[in-house]
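The values are calculated or read from the model by the stated rules, or taken from the named source; none is laboratory data. It should be emphasised that the depicted structure is a prediction, and the values quoted were computed from it without experimental measurement. Don't worry about glycine lacking a Cβ; one is built from the backbone with ideal geometry, like all the others, and counts go over all protein chains shown.
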Amino acid sequence: MRAFVEINVEPGKVKEIVAELRRMRGSVLQVCSVTGHCDVLATVELSDIDSFSEFLLEKIQRLKGVVRTESLVCITNESSR
């Protein structure tokens, strides 16, 4: 299953959080620092909702500097390519 995770971080921590997420290859497909209501946007893919929940709670939310997350879970996965 695929999801987009919007991440808010403490001031000055964006580069550090992006680097930590990039090290989570296999689960994190893409990570970008962004403008808007969040600081970092990560595209993640895991086998099922339970795996996603554990990854979110035990990996992403435990990163030092992460303040808040919001997840957008894909219910369809269609590519234009």
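Which of the residues spanning region 7-32 are part of a strand (DSSP E or B), within 24 Å of ILE75 (Cα to Cα) and more than 10 Å from the chain's Cα centre (by Cα)?
Within region 7-32, ASN8 is the sole residue that qualifies.
Output the number of residues of region 1-12 satisfying the condition of being out of contact with any Lys or Arg (no Cβ under 8 Å at 6 or more places or on another chain) and either among the small types (Gly, Ala, Ser) or buried (at least 18 other Cβ atoms within 10 Å of the Cβ) (or both).
4
Under 8 Å by Cβ, and 6 or more places apart or on different chains, what pairs join a residue from region 17-28 that is among the hydrophobic types (A, V, I, L, M, F, W, C) with one that is at pLDDT 95 or above and in a helix (DSSP H, G or I)?
Here the result reads LEU21/ILE60; MET24/LYS59; VAL28/LEU21; VAL28/ARG22, each pair linking region 17-28 to a residue that is at pLDDT 95 or above and in a helix (DSSP H, G or I).
Inside region 6-40, can you point out the residues that are touching a strand residue (DSSP E or B) at 6+ places or on another chain (Cβ under 7 Å) and either farther than 12 Å from VAL66 by Cα or modelled with pLDDT under 95 (or both)?
Scanning region 6-40 gives ARG22, SER27, VAL28, LEU29, GLN30, VAL31, CYS32, SER33, VAL34.
For residues in region 44-78 being of a type in the set (S, T, N, Q) and either surrounded by fewer than 11 Cβ atoms within 10 Å (Cβ to Cβ) or more than 17 Å from VAL9 (Cβ to Cβ) (or both), which is nearest to the chain's Cα centre (by Cα)?
Across region 44-78, the extreme among qualifying residues is SER53.
Does THR69 satisfy the condition of being of a type in the set (S, T, N, Q) and part of a loop (DSSP other than H, G, I, E, B)?
It is false that THR69 is of a type in the set (S, T, N, Q) and part of a loop (DSSP other than H, G, I, E, B).
So SER47 passes all but one of these: (1) of a type outside the set (A, V, I, L, M); (2) touching a helix residue (DSSP H, G or I) at 6+ places or on another chain (Cβ under 8 Å); (3) without any contact (Cβ under 8 Å) to a residue 60 or more places away in the chain. Which condition number does it fail?
Of everything listed in (1) of a type outside the set (A, V, I, L, M); (2) touching a helix residue (DSSP H, G or I) at 6+ places or on another chain (Cβ under 8 Å); (3) without any contact (Cβ under 8 Å) to a residue 60 or more places away in the chain, SER47 misses just condition (2).
Give region 33-45 a look and list any residue that's touching a Leu at 6+ places or on another chain (Cβ under 9 Å) and not in a strand (DSSP E or B), or say none.
Matches in region 33-45: VAL34 only.
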